[in-house]
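> Below is the structure I would like to discuss, written out as structure tokens.
Coordinate-derived values only; no laboratory data. The structure displayed is predicted, hence computed values, not measured ones. Cβ: placed from backbone, ideal geometry, glycine included. Neighbour counts: every protein chain shown.
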Amino acid sequence: MSAAAVHSPPNYLRAEQGIKSWLLTTDHKRIAWLYIAAITAFFFVGGFAAMLMRLELLTPQGDLVASDTYNKLFSMHGIIMVWFFLIPSIPTTLGNFLIPFMIGAKDLAFPKLNLASWYIFMLGGIVTLWAMLAGGVDTGWTFYTPFSSLYSTTNVIWAATGILISGFSSILTGLNFIVTVHTMRAPGMTWFRLPLFVWSHYTTSLILVLATPVLAITLALVAVERIFGVGFFDPKLGGDPVLFQHLFWFYSHPAVYIMILPGMGVVSELVATFSRRAVFGYTFVAFASVAIGVLGFLVWGHHMFVAGQSVYSALVFSVLSYAVAVPSAIKVFNWTATMFRGSVSWDTPMLYAIGFIGLFTGGGLTGLFLAALGVDVHVTETYFVVAHFHYIMVGGTVMAYLGGIHYWWPKMTGKMYPEGLARLSALIVFIGFNLTFFPQYLVGYWGMPRRYHVYPPEFQVLNVMSSAGASILGIGYLMPLFYLIWAAKYGRAATANPWPATGLEWKTPSPPSTHNFEETPIVLHDAYDFEALRPIIEEEHSHR
Amino acid sequence: MVDWLTRNIPFPPQASSVAGHVDAAYLYLVITTVSLAVLLAVLVITFAIRYHRRSRYEIPPQIQGNNLIEFGWTGATFGLFLTMFLFGAKVYFDLQVPPANAIEMYATGKQWMWKVQHPGGQREINELHVPVGQAVRLTMTSQDVIHSFFVPAFRVKQDVVPGRYSTLWFTATKPGTYHLFCAEYCGAKHSGMVGYVYAMEPAEYDRWLTSGAAEGSLSSQGEKLYQQYGCSTCHDLEGKGPGPSFRGVYRSQVRLDNGSTVFADESYLRESILQSDAKVVLGFKSIMPIFRGQLQEDQVLALIEYIKALENSRPNVESPSAGSTAGSETGAR
């Protein structure tokens, strides 16, 4: 041991001990762990509801649970997965951990606010979870009026209150990221040297700040109508039920991009590192994120093609929906081109990235069906839509999240995960996912509406396939839960830059110290300058 | 080909005049997107194998990008997407414009059933009988929450929204029994809000019509309501009462006391019955009671059918009740 090693500061995991040091921490890295614990718990709660639904749908009859229980299950699944897993998933965990590193900063701009965001998130989550368990809510995650505002007799107010509270957490996190990226970049870290992960999180943050207040207003209006009988949405009180859909989707369509953009950021990092190539067309990929963010605000009407909007507004929303698909396609093309003549490794994170490209493309291409007006009339509100958004949200976001967790696990824990087991689970997730959701496209075009507890017998075979796939998918998700926890304790020690990769986070020890960088780094290279890695690689080579 | 599909792979029957158009657009999307997906999959897998890392220490030549390629695939993608947009929009227009000679029927959604009223007075619950080869236009509303009228075999779907009328049309092309689903989640028994559409040969349909009507035509039911709820005391058909006459109002331009004019379609008539002070006809006072909450949606529809029948009976001014009956006969066919 050299003298330098003895005097180097302890890593952030060991810097302080005890439960209090975690619950009162303002270290962005530790807060990321608080979020990981929380969203993992929510993911398995939401997944449990999905498993019960898939069990029920094994048979056409409603034999496992009653109709109202089934309705509460899919509402719980949707609400938990959207607001307490997908929206916070990558930004609050990987984003929280990595953004300061990637820009060469010691923390986020507002560390205390970051901790406050977590507490607000947990308060919202507990209120919503309580609403689910103490009687449940049966409106679906979309809360359509006037069902939610007047007809449902379940805990709508409490579920909405929890979501509203967690929305403030989203806004504060977004604000924190925006200010951090603007003000805390290290010397030499120009906007066009930022890793694409940061670009996509920056755009996501803008959407969080701009769109989430609309959700808060919408849910507040539902509550006011429900409690005080003020007619915003119920026609019996002089309101307009479709107004709710406009407001809801004005938030919820951009929210789809809140869920997928961070995943795209992760995949850009993975494809670059594991192809050892600068991302092809860096500026195009960066601006594709911004274009998605902007256009994402202009397509909400495509959720309402059969709700009775005018033909002309339908036409405008249709063509804009095709426009928003273009930047996503550009990203896919660029990732593929990055692999061309690269040095492509098959490490687990790259398997997840390739899986993401395949499944996200599947979801994106079927989005083109839903944007086609005449086809949407037939497939909207059916399982085709369910399959489509699960390809994006689960095939896209969850694959990216798992890929990112594996990729940065050595940095976050200082330990390597077991590679063979991890590859196997990536494969199981990919197979299980497709078996679960591909049949839903078919049964959707056949005509099976979503949110059906009981269905005609001819749809059974495809539903059984889907349920079988869901159990495989469940195994694929449980495996990493166990081996990653195992690896954090017993895994092989990780070097500072095991892959190796170019980001500033890899210039710190694994795991890093509380202050990230002992000296503020000075950035001299573009984001994906693999030539700059040559000394590291050659040195490693010479030691062999 | 579609027959083969229906028998051998999961695919809905193709039983309306627009179903083929929707499927053609769908097929175009399937072919283009599957080609794109296969192309991408081949590239990704080929690159992953062909450029698989041979040594831990290799650093491949760096390529930053190429603007020409970027603009090329951006433009090509958007161009391809525009063809999809145009195809989808073309089919959508077909779905929006009902033929002029369509039979008018009415549907009311309520938790958790579909109530259908035929112009001849036949009523059905969770069933809809229609003739093959004849366009049918449904005017629909909901008594409570939002529902959605969905017949997969016809490739038509329309949300049914409380407080307003929405319309949907189709021409059945093949006799048979087809699923009718509620597609918009509407509460506990949402998946029980299902039924069947029976598409029948015209002769068979006529037999069904004559066997079904017990209460007289829909417009005559409306006329009874017109008497029963006291509409007749003010809305004298000769225009002598304190309220405007119903005769000839349907599909006319009505001048309002605020100076504007409004086209008297079903939605206007519904609003004027339920919420009379919303739009007041020029020259009349807003003295009519509010019928919101007094009338069921199917009763409103019967009244509207009565008013529509009066439009058809315009020449027969002398005997209004006889005229209305005759009108409903012509309206029905």
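> Here are the criteria: (1) surrounded by 20 or more Cβ atoms within 10 Å (Cβ to Cβ); (2) small (Gly, Ala, Ser); (3) within 14 Å of chain A (Cβ to nearest Cβ). Tell me which single one residue B:192 does not satisfy.
(1)
> Of the residues B:177, B:167, B:139, only one is more than 19 Å from residue A:447 (Cβ to Cβ), away from chain A (no Cβ under 11 Å) and among the β-branched types (Val, Ile, Thr); which?
On the way: B:177 fails: more than 19 Å from residue A:447 (Cβ to Cβ); B:167 fails: away from chain A (no Cβ under 11 Å).
Result: B:139 is the single residue among B:177, B:167, B:139 that is more than 19 Å from residue A:447 (Cβ to Cβ), away from chain A (no Cβ under 11 Å) and among the β-branched types (Val, Ile, Thr).
The rows are residues; the columns are (1) among the small types (Gly, Ala, Ser); (2) within 30 Å of residue B:197 (Cα to Cα); (3) at the interface with chain A (Cβ under 7 Å from one of its Cβ atoms); (4) in contact (Cβ under 8 Å) with a residue 40 or more places away in the chain.
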position	(1), (2), (3), (4)
B:19	yes, yes, no, yes
B:22	no, yes, yes, yes
B:27	no, yes, no, no
B:45	no, no, no, no
B:48	yes, no, yes, no
B:52	no, no, yes, no
B:68	no, no, no, no
B:73	no, no, yes, no
B:77	no, no, yes, no
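> Quick check on segment A:321-335. Is at least one of its residues crowded, with 22+ Cβ neighbours inside 10 Å, touching a His at 6+ places or on another chain (Cβ under 6 Å) and either among the acidic types (Asp, Glu) or in a helix (DSSP H, G or I) (or both)?
Checked segment A:321-335: at least one residue is crowded, with 22+ Cβ neighbours inside 10 Å, touching a His at 6+ places or on another chain (Cβ under 6 Å) and either among the acidic types (Asp, Glu) or in a helix (DSSP H, G or I) (or both).
Listed here are the residues, each with its yes/no results for (1) touching a residue at least 40 places away in the same chain (Cβ under 8 Å); (2) farther than 21 Å from residue A:405 by Cβ; (3) more than 18 Å from the chain's Cα centre (by Cα).
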site: A:256; (1), (2), (3): yes, yes, no
site: A:270; (1), (2), (3): yes, no, no
site: A:291; (1), (2), (3): no, yes, yes
site: A:295; (1), (2), (3): no, yes, yes
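> Next up: Condition test on residue A:321, is it over 20 Å from the mean Cα position of the chain (by Cα) and facing chain B (nearest Cβ under 9 Å)?
When the stated conditions are applied, residue A:321 passes them.
> While we're on this one: Kindly establish whether residue B:173 is over 17 Å from the mean Cα position of the chain (by Cα), touching a residue at least 12 places away in the same chain (Cβ under 8 Å) and either over 30 Å from residue B:272 (Cα atoms) or surrounded by 23 or more Cβ atoms within 10 Å (Cβ to Cβ) (or both).
Taking the combined requirement at face value, the residue satisfies it.
> Can residue A:351 be described as surrounded by fewer than 24 Cβ atoms within 10 Å (Cβ to Cβ), touching a helix residue (DSSP H, G or I) at 6+ places or on another chain (Cβ under 9 Å) and more than 8 Å from chain B (Cβ to nearest Cβ)? Walk me through how you get there before you give the answer.
Details: surrounded by fewer than 24 Cβ atoms within 10 Å (Cβ to Cβ): no; touching a helix residue (DSSP H, G or I) at 6+ places or on another chain (Cβ under 9 Å): yes; more than 8 Å from chain B (Cβ to nearest Cβ): yes.
No: the conditions fail for residue A:351.
> Filter segment B:233-281 down to the residues that are surrounded by 17 or more Cβ atoms within 10 Å (Cβ to Cβ), in contact (Cβ under 8 Å) with a residue 24 or more places away in the chain and among the acidic types (Asp, Glu) and list them by number.
If the condition is that a residue be surrounded by 17 or more Cβ atoms within 10 Å (Cβ to Cβ), in contact (Cβ under 8 Å) with a residue 24 or more places away in the chain and among the acidic types (Asp, Glu), then B:266 is the only one that fits.
> Within segment A:32-129, which helices (runs of 4 or more DSSP H) (wholly inside it) include 2 or more residues that are closer than 21 Å to residue A:474 by Cα?
It comes to A:67-81, A:87-90.
> To continue, here is another question. From (1) under 30 Å from residue A:100 (Cβ atoms); (2) assigned to a helix (DSSP H, G or I); (3) away from chain B (no Cβ under 14 Å), pick out the condition that doesn't hold for residue A:185.
Condition not satisfied by residue A:185: (2).
Each row is one residue, and each column tells you yes or no for (1) free of Cβ contacts under 8 Å to residues at least 60 places away in the same chain; (2) surrounded by fewer than 24 Cβ atoms within 10 Å (Cβ to Cβ).
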residue: A:193; (1), (2): no, yes
residue: A:196; (1), (2): no, no
residue: A:210; (1), (2): no, yes
residue: A:214; (1), (2): yes, yes
residue: A:223; (1), (2): no, yes
residue: A:228; (1), (2): yes, yes
residue: A:242; (1), (2): no, yes
residue: A:246; (1), (2): yes, yes
residue: A:259; (1), (2): no, no
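> May I pose another question? How about segment B:54-76: which of its residues are part of a loop (DSSP other than H, G, I, E, B) and farther than 23 Å from residue A:526 by Cα?
Residues satisfying the conditions are B:54, B:55.
> Then there is this: Scan segment A:482-536 residue by residue and report those that are away from chain B (no Cβ under 14 Å), part of a helix (DSSP H, G or I) and exposed (fewer than 14 other Cβ atoms within 10 Å of the Cβ).
Listed by number, the residues that qualify are A:482, A:485, A:489, A:490.
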